[in-house]
1. If you check L195, L254, L249, L261, which single one turns out to be out of contact with any helix residue (DSSP H, G or I) (no Cβ under 8 Å at 6 or more places or on another chain), modelled with pLDDT of 95 or more and outside any loop (DSSP other than H, G, I, E, B)?
2. Identify, from the list V327, V283, the residue that is in a helix (DSSP H, G or I), in contact with a His (Cβ under 6 Å, 6 or more places away or on another chain) and at pLDDT below 95.
3. Condition test on P21, is it assigned to a helix (DSSP H, G or I) and either at pLDDT below 95 or in contact with a helix residue (DSSP H, G or I) (Cβ under 6 Å, 6 or more places away or on another chain) (or both)?
4. Can you list residue pairs whose Cβ atoms sit under 6 Å apart, with the first residue in region 333-358 being polar (S, T, N, Q) and the second being surrounded by 20 or more Cβ atoms within 10 Å (Cβ to Cβ)? Count only pairs 6 or more apart in sequence or on different chains.
5. Test A295 against the criterion of being over 17 Å from the mean Cα position of the chain (by Cα), over 23 Å from L376 (Cβ atoms) and not acidic (D, E), and give yes or no.
6. Quick check on V289: is it part of a loop (DSSP other than H, G, I, E, B) and either under 20 Å from the mean Cα position of the chain (by Cα) or within 20 Å of A358 (Cα to Cα) (or both)?
7. List the helices (runs of 4 or more DSSP H) inside region 331-392, counting only whole elements, that have at least 1 residues being in contact with an Asp or Glu (Cβ under 9 Å, 6 or more places away or on another chain), farther than 18 Å from L308 by Cβ and of a type outside the set (G, A, S).
8. Can L35 be described as in the same structural domain as P192 (by TED's automatic domain parsing), buried (at least 24 other Cβ atoms within 10 Å of the Cβ) and either farther than 22 Å from R164 by Cα or aliphatic (A, V, I, L, M) (or both)?
Amino acid sequence: MRAALLSVLDSQADTRTVPAPYRSIAGARLVERQLDMALAAGCETIACLANTVGREVMDLQHRAEAAGARFIALREARKLSGLVSAQDELLVLAPGVLPDEDAILKHLAKPCVLVFPEDPAVARGYERIDAHFAWAGALLVRGTAVEQLAQLPEDVDTPSALLRIALQSGVRTHPLETRLLDETVWLRDPSPEELATRERSWVAGHANVAPFSAPGLAIAERMGARLAQDTMGGNLPRVLSLSSALAGLSGLSLALGGWTLPGFGLAGLSALLFAMEEVVRRVSSAGQVRPRVPALAQAIAILLDPLLLVLIALASPEEMGWLRLFVPAVLLGLLHLGERISASKWRRTYADRIALIALLIPAVFFGVTQPVVAVLSLAVLITLFLTAEPRD
């Protein structure tokens, strides 16, 4: 089994500032980001050193348990001996350190102490371990180190003590690139400016916006990424999903009342807001092992195409009978097929309902909805042969 030791104990002298473990990055506290990394590294038990169990620690517990991990808050490091056996592994992250997740997963697959060259790490507050290196704030040790920890005084700095035990027992060190420090990828006790820089790179790295081969999604997702950066940690995803649902229902109501053109306009707005919501939610939940998808967002993802199907049928002449539903069903089915079998660079194009609605609005205005849908179906069918993944 693998366990993790986190800490919200902070030794800063200025009590007016927010302790480093509780500073926010991309809508979550630093210690919550550490938790996400520990879970991604396979830790099943999370121990957290804390003087008191306040709201922040409770939030941390809920985050761990939502991912299926066991969480225990400790005031005394000696109690670790009851959680970690000699056969287990313990991942230790120093308080106030925000590591690079890729480096953690790559280099701490086996017992190891991650270090930086002492210049410039020591000047930036990292703990020196010898004449050449400083501890980066992350290590993995065998459970036997916890037994030695129990023999030390109660007031010992637990992460530093485990570092010394690991080094004395011969655990190897792995030097990291100073680039991680220079590019503010790896932080310790970060300033607001460093957090802002890291947050911008976090959003850019996790937004995963669509290319302009899917123009509707490309525009909507870039708008969502901009909003995500400005409103981290708020209720924006919920507001966007509710707005999307209301726009879709309003569009359906108008179309049923004979106002099909405004109905399509509101359906396009619904698709736009939902694409923005997906980006904001993707950024805010990035790093979590099992991010929860709200029920409303799941419902919108399922019902958006049926809404479009009904709108196309309502915009078509009644004398067409069952073809009013059949032709758009073929189009939407081919688009879903394209999302599955086309080359990866084209899949977002087939998923772009915003662009599809934008193409249909002029057809609705001129009363040629069904012919345009039929032509689009044929065009999509032809492109499937051109964009499909090659097969052996």
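1. Working: L195 fails: modelled with pLDDT of 95 or more; L254 fails: out of contact with any helix residue (DSSP H, G or I) (no Cβ under 8 Å at 6 or more places or on another chain); L261 fails: out of contact with any helix residue (DSSP H, G or I) (no Cβ under 8 Å at 6 or more places or on another chain).
None of the others qualify; the one that does is L249.
2. Values: V327 fails: in contact with a His (Cβ under 6 Å, 6 or more places away or on another chain).
Being in a helix (DSSP H, G or I), in contact with a His (Cβ under 6 Å, 6 or more places away or on another chain) and at pLDDT below 95 holds for just one of V327, V283, which is V283.
3. Values: assigned to a helix (DSSP H, G or I): yes; either at pLDDT below 95 or in contact with a helix residue (DSSP H, G or I) (Cβ under 6 Å, 6 or more places away or on another chain) (or both): yes.
When the stated conditions are applied, P21 passes them.
4. Taking only residues 6 or more apart or on different chains, the pairs are T349/A214.
5. On the way: over 17 Å from the mean Cα position of the chain (by Cα): yes; over 23 Å from L376 (Cβ atoms): yes; not acidic (D, E): yes.
Criteria met by A295.
6. Values: part of a loop (DSSP other than H, G, I, E, B): yes; either under 20 Å from the mean Cα position of the chain (by Cα) or within 20 Å of A358 (Cα to Cα) (or both): yes.
Criteria met by V289.
7. On the way: elements: 344-350, 353-366, 369-387.
Fully inside region 331-392 and qualifying: 344-350.
8. yes
The values are calculated or read from the model by the stated rules, or taken from the named source; none is laboratory data. For clarity, every value in this text was computed on a predicted model and none was experimentally measured. A quick note on method: Cβ atoms are made from the backbone with ideal geometry, for glycine too, and the neighbour counts reach across all protein chains shown.
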